[in-house]
Amino acid sequence: MKRNGICITTIEDKRKFKINIENLLTNQNTTIGEVINKADELDIVKKDDKINEFITSSEYIYDRVKEVSYQEFIKLYNYLEGLTPFSTQHKTKGNEFDNVLVILDNGNWVKYNFNYLFTNRTDKASVLERTQKLFYVCCTRSKENLAVFFQNPSSQVLETAKNWFEEIIDLDKL
């Protein structure tokens with residue numbers, strides 16, 4: 001195999017390559033920049049002209065990305081590949097889980113508003129409808145246990161939640 005200037009022609013080359021990859025993967029207390037340099041140094045992936053051109057032409061971006069912890073990158077990769085027990089509301093459609101925690105956060109969303117959902121605000125019908133669909137998807141993913149968290153709910157939100165879920169736990173009173 002020859003790719004990016006790396007040549008594996010013997011079993012010993014393959015063994016060395018495997019050990020180098022394992023060492024790189026197990027050393028997670030480093031940064032992305034250090035991993036890129038180490039991969040180049042160990043002949044795992046050579047820094048070719050394209051990478052060097054990116055480093056030069058996008059120095060501002062590269063200088064920030066190279067300081068991100070490798071462990072953080074691995075966790076992001078595992079999350080994006082579905083290798084964690086966590087999922088976003090938009091990625092759960094069709095999946096089921098024994099335990100589901102739904103965190104309702106209005107944040108800066110324009111398309112959704114959970115206050116509208118619990119107060120049945122109808123003057124923003126399209127926002128309410130999208131929010132209802134999203135909430136339905138979230139709540140129907142649970143096979144065993146469902147917990148819904150709503151930070152600082154109004155009395156109207158709490159009343160609706162009691163009607164829907166019966167059991168309400170006020171975390172401020174625990």
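Observations
- Near T31, the amide H atoms lying under 5 Å from its own belong to Y70; only residues 5 or more places off or on other chains count, and H is placed 1.01 Å from N.
- Dipole of the chain, positive direction: furthest Cα of S154, F165, L134, with charges on the beta-carbon: L134
- Contact order relative to length of segment 89-174, as percent, for alpha carbon pairs under 8 angstrom and 6 or more apart: 39
- Working from Cα pairs under 8 Å separated by at least six residues, relative contact order for segment 17-174 is 20 percent.
- Modelled this way, with points 7 Å down the Cα-to-C-beta line, the labels at E41 and E22 are 2.0 nm from one another.
- Cα shape, segment 89-173, gyration tensor, a/c 1.5 rule: oblate
- Rounded, prolate or oblate (a/c below 1.5 giving rounded, otherwise prolate when a/b exceeds b/c) for segment 2-55 by Cα gyration tensor: oblate
- Per-residue 3J(HN,Hα) values for segment 22-33, derived from phi via the Karplus relation 6.51 cos²θ - 1.76 cosθ + 1.60 with θ = phi - 60°, read 4, 4, 5, 5, 7, 8, 8, 8, 8, 9, 4, x Hz in sequence order (x marks Gly and Pro).
- Segment 166-173 - phi-based ³J(HN,Hα) in whole Hz, Karplus 6.51/-1.76/1.60, Gly and Pro as x: 6, 9, 10, 10, 8, 5, 6, 9
- At R0 = 30 Å, FRET efficiency that the Cβ-Cβ distance of N99 and V68 yields, to 0.05: 0.45
- Dipole of segment 2-80 computed with +1 at Lys/Arg Cβ and -1 at Asp/Glu Cβ about the Cα centre; of L76, I8, Y60, farthest Cα towards the positive end is I8.
- Per-residue Karplus couplings for segment 54-67, computed as 6.51 cos²θ - 1.76 cosθ + 1.60 with θ equal to phi - 60°, are listed in order as 4, 4, 6, 6, 10, 4, 4, 5, 4, 4, 7, 5, 5, 8 Hz, Gly and Pro entered as x.
- Once Rg/Rh (Cα atoms, Kirkwood Rh) is calculated for the structure shown, the corresponding label among (i) 1.17; (ii) 1.25; (iii) 1.06 turns out to be (i).
- Segment 1-86: chymotrypsin sites (Phe, Trp or Tyr not before Pro) in DSSP coil with no more than 14 other Cβ atoms inside 10 Å: F86
- Debye, to nearest 20: dipole size of the chain, +1 on Lys, Arg Cβ, -1 on Asp, Glu Cβ: 500
FYI, it's all coordinate maths here, none of it is from the lab. As the structure is a computational prediction, the values presented were derived from the model and not from experiment. Note that we place each Cβ from the backbone using ideal geometry, even for glycine, and neighbour counts take in every protein chain shown.
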